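Notes for the one structure printed next.
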Amino acid sequence: MKNDLIYLITPIRTQTKSGFYSEKCVRREVFADVKTIKRAEHYSAERAGKKVQLIAVVNDDDYQLAVIDEGEDVSQQYEAETIHLDGSKDHETVVPHIRKEPEYVEINAVRYRIERNFKDPKSVDRELTLSQVE
């Protein structure tokens with residue numbers, strides 16, 4: 001049962017006119033089942049050089065609400081060139097479409113990084129393995 005209130009945080013990085021990057025974070029409030037990791041997961045993550053602490057199980061539909069689709073802004077246009085097999089070229093203006101998933105989770109005012117994101121095809125839940133941001 002999902003009783004814990006957490007925030008899925010999706011950072012969006014944009015470039016200003018002066019060439020610097022700025023970051024804004026979109027926070028989505030969702031219910032989750034927060035659990036501690038098991039011994040096997042701890043040692044497996046430690047071998048990979050990661051220090052994971054928690055697992056948050058969220059409904060996949062709630063997770064998908066935190067996914068941001070960038071590219072709707074027409075100011076981000078690029079010239080693209082397609083080269084065909086016969087050597088002819090086509091030029092067109094494209095707007096990149098980027099799917100940005102949450103990178104962080106906030107639980108009780110503590111921020112965690114999503115180290116692993118697992119969706120079992122047979123389940124409606126998504127499992128997020130978390131490590132604390134220092």
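Each reported figure results from applying straightforward, stated rules to the coordinates on display, with no laboratory input. Given the structure is predicted, the values throughout are model-derived calculations rather than measurements. Cβ placement follows ideal geometry from the backbone for every residue including glycine, while neighbour counts extend to all protein chains displayed.
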Legend entry - Karplus-derived 3J(HN,Hα), 6.51/-1.76/1.60, for each residue of the stretch 106-116, Hz, glycine and proline x: 10, 10, 6, 6, 10, 8, 10, 8, 7, 8, 9
Inset, instruction - Would you calculate the separation in nanometres between label points at Arg13 and Ser44, each defined as 7 Å from the Cα along the Cα-to-beta-carbon direction? - result: 2.9 nm
Legend entry - Spacing of the two label points (7 Å from each Cα toward its C-beta) at Ser22 and Met1, in nm: 4.5 nm
